[in-house]
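First the structure, in the form of structure tokens, and then the observations on it.
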Amino acid sequence: MTLSTPAILRTSAYINGEWTDADGGRTFTVRDPFSDEVITTVADLGSTETQRAVDAAYAAFPEWSSRTAADRSVILRRWFDLLTAHREDLATLMTHEQGKPLAESRGEVTYGASFIEWFAEEGKRVYGDVIPSHRTDARILAIKQPVGVVAAITPWNFPIAMITRKVAPALAVGCTVVVKPAEDTPLCALALAYLAQEAGMPVGVFNVVPTSRPAEVGSVLTGDARVRKLSFTGSTATGKKLMEQSAGTLKKLSLELGGNAPFIVFDDADISGAVAGAVASKYRNGGQTCVSANRIFVQSGIYDAFIEELSRSVGDLQVGRGTEAGTDIGPLINDAALTKVERLVADAVDKGARIVRGGGVADAGPRCYRPTLLLDARPDMAISREEVFGPVAPVYRFDTEAEVIELANDTPYGLAAYFYGNDHARIWRVAGALDYGMVGINTGMISTAQAPFGGVKESGFGREGSKYGLEDYLVIKYLCWGGLTPKQTGR
Ligand code: ADP
């Protein structure tokens, strides 16, 4: 891997402003998911070192939180500028450890950095209220304060953006943070720490604890009463476990969990727009996003024309090494991901689905699953109930609006949903009826720092991005100021 700033590749943990090895020098390997080649080895932290990271964040909190928002904003802005300046190196690191095509990695660096820029500004606008009082001799105020030390546990699918959209609002309002990145992608997290250090982030404010033993580190982060908030993005099963573990100390929680996104195409949709939206939503990052279209529902009247165009577009997608020009889809992240995709496709085919594009692993590499289109999918197939997290699109045919709303909502998940159509009354009806935290209308791309990202039902709670993203890191304090002698009337 060639980097113009080789120092951006770090292999130690970042705790209290220092690059530290694990006690006993323990390490774990980071591999390129395309070739399985070892990229490097990274410090493998356990509970003792994690405790030290919490100590550091706890010690740094009083000073960091007492600064003005404008002071913190200057440092965050420098951090943003450094991410932007090192975009190419960060993208190279990302493609090597995560596998996505370079163009997508560049896009993620820009997207990830945008949360820092956004919250550097938004942190200056944490307003409270002065509330009309119940007594003439008292005043009521509601002020907002940072919750305290924040733990962030993040996934491998967006190794930079999933960190910045938690850490930027936390730091902007005065919290200090300990990040535990995913074991598949620690290098991007450590590169962020390097750039934070370069930006002049005070010691202890931002700490990164890589580990191959997430449960051990997770139990320290959830068990320590000094950690007042946990923000997690990952699977619903792990989210539930972390919520249980956090019950002992009643932490404030943000959980951004799995999805099972419906993508609905009504008869009056613009076909080319709907096909482009479906391809973007389904195949971006090889389908490894929690907002990926998981089930594509197409109305009978437009079915044949839509499938013909979608099939052509899917056939054009190239799977291969992320660093090679022309690659649209990289490898799946690991063997477990491949096994899952193979199981879901086999079950669907067993139950009557037809593969019209792709199916199976491509010659390009052992984890390169072909972009796949499955027709005649049905709700009783496992692929309809589980998050695919791979480049496989199951398509369902439907007749009526009522029928498709019922099908779309028939899942415990409630993260993102999408639909295409042009009848304005129906757009309002369907947008209201979909039981999801986010709805894309005539678009397959909804993520941006300006908008509130998050789910309902078993997709979790809390919002990331937008002005609402700050609230997850704030607590309200009510001040009742008594003993104020009411103004005397007359003499
Ligand atoms: P995925 O299926 O995307 O790997 P996970 O929920 O397993 O989803 O992983 C998301 C993040 O949660 C990763 O950083 C992973 O290391 C972490 N994680 C997994 N299990 C635990 C656990 N028991 N405690 C704390 N963190 C965990």
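With each run of n ≥ 4 DSSP H residues scored as -39500 (n - 2.57), what mean residue ellipticity at 222 nm is computed for the chain after dividing by its residue count and rounding to the nearest 500 deg cm²/dmol? Write down the numbers at each step before the final one.
On the way: 15 runs with 191 residues, N = 491.
Helices in the chain give a 222 nm mean residue ellipticity of -12500 deg cm²/dmol.
How far is helix 300-316 tilted off the main Cα axis of the chain, in degrees rounded to 10, range 0 to 90?
Its long axis makes an angle of about 80 degrees.
Can you tell me how segment 169-239 classifies by the Cα gyration tensor, rounded, prolate or oblate, using a/c under 1.5 as the rounded cut? Could the numbers behind the result be given before it?
Details: a/c = 1.92, a/b = 1.30, b/c = 1.47.
Judged from the Cα gyration tensor, segment 169-239 comes out oblate (a/c at least 1.5, b/c at or above a/b).
Does segment 261-441 classify as rounded, prolate or oblate by the C-alpha gyration tensor (a ≥ b ≥ c root eigenvalues; a/c under 1.5 gives rounded; else a/b over b/c gives prolate, otherwise oblate)?
Values: a/c = 1.74, a/b = 1.57, b/c = 1.11.
Here segment 261-441 falls in the prolate category.
Keeping the other protein chains in place, figure out the carbon and sulfur percent of the accessible area of segment 1-138, with a 1.4 Å probe. All intermediate terms of the calculation are to be shown ahead of the outcome.
Values: 3210 of 6360 Å².
The nonpolar share, carbon plus sulfur, comes to 50 percent.
Segment 418-457: Rg/Rh from Cα coordinates, Kirkwood Rh?
On the way: Rg = 10.8 Å, Rh = 11.0 Å.
We get a ratio of 0.97 for segment 418-457.
Percent of accessible area on segment 168-261 owned by carbon and sulfur, 1.4 Å probe?
Numbers: 1400 of 2430 Å².
Taking all protein chains in place, segment 168-261 shows 58 percent carbon and sulfur surface.
Could you state the accessible area per residue of segment 261-441 in Å², with a 1.4 Å probe and every protein chain left in place?
On the way: 6810 Å² over 181 residues.
It amounts to 38 Å² per residue over segment 261-441.
Whenever you get a sec, line up Tyr468, Tyr127 from highest to lowest accessible area (probe 1.4 Å, protein heavy atoms). Could you put the intermediate results ahead of the total?
Values: Tyr468 115, Tyr127 155 Å².
The ranking, largest first, comes out as Tyr127, Tyr468.
Round to the nearest 10 and report in Å² the accessible area of Ser114, as given by a 1.4 Å probe over the protein chains' heavy atoms.
About 30 Å², ignoring ligands and nucleic acids.
If each of Glu37 and Gln318 carries a label point 7 Å out from its Cα toward its Cβ, how far apart are those two points in nm?
For Glu37 paired with Gln318, the spin-label model returns 1.9 nm.
How big is the chain in terms of Cα radius of gyration and Dmax, in angstroms?
Calculated on Cα positions, Rg and Dmax stand at 24.0, 95 Å.
What's the FRET efficiency of Asp363 with Ala431 using the Cβ-Cβ distance as r and R₀ = 51 Å, to the nearest 0.05? Walk me through the numbers on the way to the answer.
Working: r = 43 Å, r/R0 = 0.84.
After rounding, the FRET efficiency stands at 0.75.
Can you tell me how much longer the chain between Ala382 and Arg213 gets when fully stretched, taken as 0.36 nm per residue apart minus their C-alpha distance, in nm with one decimal?
Working: separation 169, 0.36 × 169 = 60.84 nm, distance 2.96 nm.
Using 0.36 nm per residue and subtracting the Cα-Cα distance, I get 57.9 nm.
How high is the relative contact order of the chain? Use alpha-carbon pairs under 8 Å, at least six apart in sequence, and give a whole percent.
Relative contact order for the chain comes out at 18 percent.
Would you mind telling me the share, in percent, of accessible area of segment 335-491 contributed by carbon and sulfur at probe 1.4 angstrom?
Values: 4210 of 7760 Å².
That share works out to 54 percent.
Where q = 0.12, 0.23, 0.24 Å⁻¹, what log10 of I(q)/I(0) comes from the Debye formula for segment 257-330, counting one point per Cα?
Once normalised to I(0) and log-transformed, intensities are -0.35, -1.04, -1.09.
What figure, in Å² to the nearest 10, do you get for the accessible area of Trp64 with a 1.4 Å probe and non-protein molecules left out?
0 Å²
Students often get this wrong, so check it: of Lys251/Lys467; Lys144/Lys251; Lys100/Lys229; Lys100/Lys124, which have C-alpha atoms separated by over 27 Å?
Values: Lys251/Lys467 22 Å; Lys144/Lys251 17 Å; Lys100/Lys229 31 Å; Lys100/Lys124 35 Å.
Going by Cα-Cα distance, Lys100/Lys229; Lys100/Lys124 fall outside the 27 Å limit.
The values are calculated or read from the model by the stated rules, or taken from the named source; none is laboratory data. Everything numeric here is computed off the predicted structure, so don't read it as measured data. As a convention, Cβ positions derive from the backbone with ideal geometry for all residues, glycine included, and neighbour counts pool all protein chains shown. Accessible surface is based on the protein model in full, side chains and every heavy atom, while ligands, DNA and RNA are left aside. Shrake-Rupley method; radii C 1.70, N 1.55, O 1.52, S 1.80 Å.
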